[in-house]
Amino acid sequence: MLYIDGAFESAADTFALVDPTDGRTTGTVPEASAAHVDRAVAAARRALGGPWGEEGVEGRRAVLRRIADGIEARFDEFVAAEVADTGKPRELAATVDIPRAVGNFRAYADLLYGRAEEAYPTAAHGWNSGAALSYTLRRPLGVVAVVAPWNLPLLLLTWKVAPALAMGNTVVAKPSELTPRTATLLAEVIDAAGVPAGVFNLVHGAAATGAHLVAHPGVDAIAFTGATATGRTIMGAAAANLTPVSFELGGKNAAVVFADADLDAAVAGTVRSSFTHAGQICLCTERVYVQRPVYDRFVRALAERTRALRPGVDYGPMISAGHRAKVLGHFRLAEEEGATVEVGGRAMDQGFFVEPTVLTGLGDDTRTVREEIFGPVCHVAPFDTEAEVVGRVNDSEYGLAATVWTTDLSRAHRVAARIEAGIVWVNCWNLRDLRTPFGGLRSSGIGREGGAHSLDFFSEPVTVCVGIGAEQ
Ligand code: NAD
C-alpha cells in the first residue's frame, strides 16, 4: 500500500512482485502516479508546519524509539517480508537487515540526544565594537526524498529515514520496486507509533516514480542509495532546483592479501566479502590482490571453499531475471577477455541463482576487473610489492571500500592510509559502527552519512549572534 498524509491507499496501476528463488509472481503492489507523489510532497510540506515542527529533541527521540520497538514487536513479519522480496537466506535477514533497521532508529535517537552545537564567546576587539556570544541552531532541511535500492531494503531505507526524522524533517520515501514489502510494514509501524500525518509518506514505483519525486520543486533534499548511473541522472534533476544531495553509489571493492596474513582468515574473510548476499552488497569484494608467495595456495583454498557454498543456505539468488542476465553477461565477457574460471561461472537451474564464481588471469585494464558486476564473483590477481598493490587498488573509477589482510601492524596502518576508499577494513569485513562516517570517493558517492555526519546532512546550521555589553 501507499502511505500518504497518514492514510493507506491503493492505486489504479499496480506492478507485480516476483519471488527470485523460483521466478513466480507472488503479489502486486500499487504504483504511485505523479499525482500521488505530488500529494505526498504536499502532505510532507504541511506536516512541517504542524505539531511535528514544534516537536523538540525529547519528542522526536521518543518517536524514533517507538518506531524501533514497533519493528522489533513484528520482527518475524519483517524478516519474512525481506526474505520474500529478496530471496536472501533467512539468517541474513534475521541477523543483519532487520536488527540493523531497529538499530538505525535507536542509534539516531541516542545520537540526537547526545548532540551539542557550537557556541563561541567573542571579546570586543578591533571592529567588533562589543562582546558577543555566537551559537548554532540546526533547522530541518524540510521535505526529504529518500530513494533506496533492493539489496538491503529496510536497512538502507531506515539508514536515511531515521536521521531525517531525528532532525525534524518530513520524508517521502521510495523503496525499490523489487523490494517494497518491508517499507510498507515500516509505514504501518510509523502509523501505529502515532507519528503525525504527513511526517512519513511512502510511494511505491520504479524509475518513473523516483524521477518525478527527485525532480519535484517541493523537495528540499535528496538522499539516494543505488547505482552510479542513476545517481548521475538524479543529480541532473537536482541541479534544476539546486536540491542538496547525499549519494551512496556503486563500487569495485578490492581486498589485498599480504604474504604475512593469516591465510585461513583471509580466505574465509574473502568468501564472506565476495559471496554474502550473493555479492549483492555495495561493500562486497570483486577484486582480490594476493602477494605472489601465497597466491597459488590462496586461489586453491578460495576455490575449494567457494565450491562448498550451499544455495539457499549460504547465499540467495540474484534479485531479478534482469539482474541475473546482467551478471551472466559479465561471466561471458570475462571468458571472452581470457579469464580462467576457477569455480562457478554458470546460471543454476533454480530461480535466479547463479554460481559463486572465482576468476583469475585477467589484466587490470579489462572490463571484468574495472566494472561493478554486483554478483557472486571475484577476480584474483597476484602482486609483488606494497607500493604496486596500492597503486592498482586505487586505479579505479570507484572508491567505496577495501579490505587489507596482514599481520604486520605498521603495514596495516600504512596501507590503510594510502588506499583511496571511504572505508578500509583490516583483517575483517563489513564491521560497521553506526557512528562512523560512511560513503564513497569518486563515482562511489557524494557526502558522508553515519553518526553525526547524517545529522549534519539532514539539517541546516544557522548562526545566532547575540551582542553582549555593546555601548549604551
Ligand atoms: P538503482 O539505481 O537501479 O535503483 C535504486 C533506486 O533508485 C530504486 O528505488 C529505483 O527505483 C530508483 N530509481 C531508478 N531510476 C531512477 C531515477 N531516474 N530517478 C529516481 N529514482 C530512480 O540501484 P539498484 O539496482 O536498486 O541497487 C544496486 C546498486 O546500488 C549497485 O550499484 C550498488 O553498488 C548500489 N548500492 C550502493 C550502496 C552504498 O552504500 N554505496 C549501498 C547499496 C547499493
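Each value in this text was obtained by applying a stated rule to the coordinates, not by laboratory testing. Source: prediction; values computed, not measured. Positions of Cβ are generated from backbone atoms using ideal geometry, with glycine treated the same way; all protein chains shown enter the neighbour counts.
Details
- Against the list (1) closer than 26 Å to MET1 by Cα; (2) part of a helix (DSSP H, G or I); (3) not basic (Lys, Arg), the condition ALA32 fails is (2).
- Residues in the stretch 162-180 that are within 14 Å of the ligand (Cβ to nearest atom) and either outside any strand (DSSP E or B) or among the hydroxyl-bearing types (Ser, Thr, Tyr) (or both): PRO175, SER176, GLU177, LEU178, THR179, PRO180.
- Of all the criteria given as (1) free of Cβ contacts under 8 Å to residues at least 40 places away in the same chain; (2) surrounded by fewer than 20 Cβ atoms within 10 Å (Cβ to Cβ), the one not satisfied by GLY422 is (2).
- Enumeration of residues in the stretch 334-369 that are among the charged types (D, E, K, R) and touching a strand residue (DSSP E or B) at 6+ places or on another chain (Cβ under 9 Å): GLU335, GLU342, ARG346, GLU355, ASP364
- Test for ASP433: is it outside any helix (DSSP H, G or I), surrounded by fewer than 20 Cβ atoms within 10 Å (Cβ to Cβ) and away from the ligand (no atom under 12 Å from the Cβ): yes
- Inspection of the stretch 320-334 finds no residue satisfying the criterion of being more than 27 Å from VAL393 (Cα to Cα) and in a strand (DSSP E or B).
- The set of residues in the stretch 183-237 being assigned to a helix (DSSP H, G or I), more than 15 Å from the ligand (Cβ to nearest atom) and among the small types (Gly, Ala, Ser) consists of ALA187, ALA192.
- For the stretch 364-389, a residue qualifies if it is without any contact (Cβ under 8 Å) to a residue 12 or more places away in the chain and either within 16 Å of the ligand (Cβ to nearest atom) or of a type outside the set (A, V, I, L, M, F, W, C) (or both), and the qualifying residues are ASP365, THR385, GLU388.
- For the stretch 54-68, the criterion of a residue being within 29 Å of THR209 (Cβ to Cβ), part of a loop (DSSP other than H, G, I, E, B) and within 23 Å of the chain's Cα centre (by Cα) is satisfied by no position.
- Taken over the stretch 436-451, the criterion of being under 17 Å from MET167 (Cα atoms) and outside any strand (DSSP E or B) is satisfied by ARG448, GLY450, GLY451.
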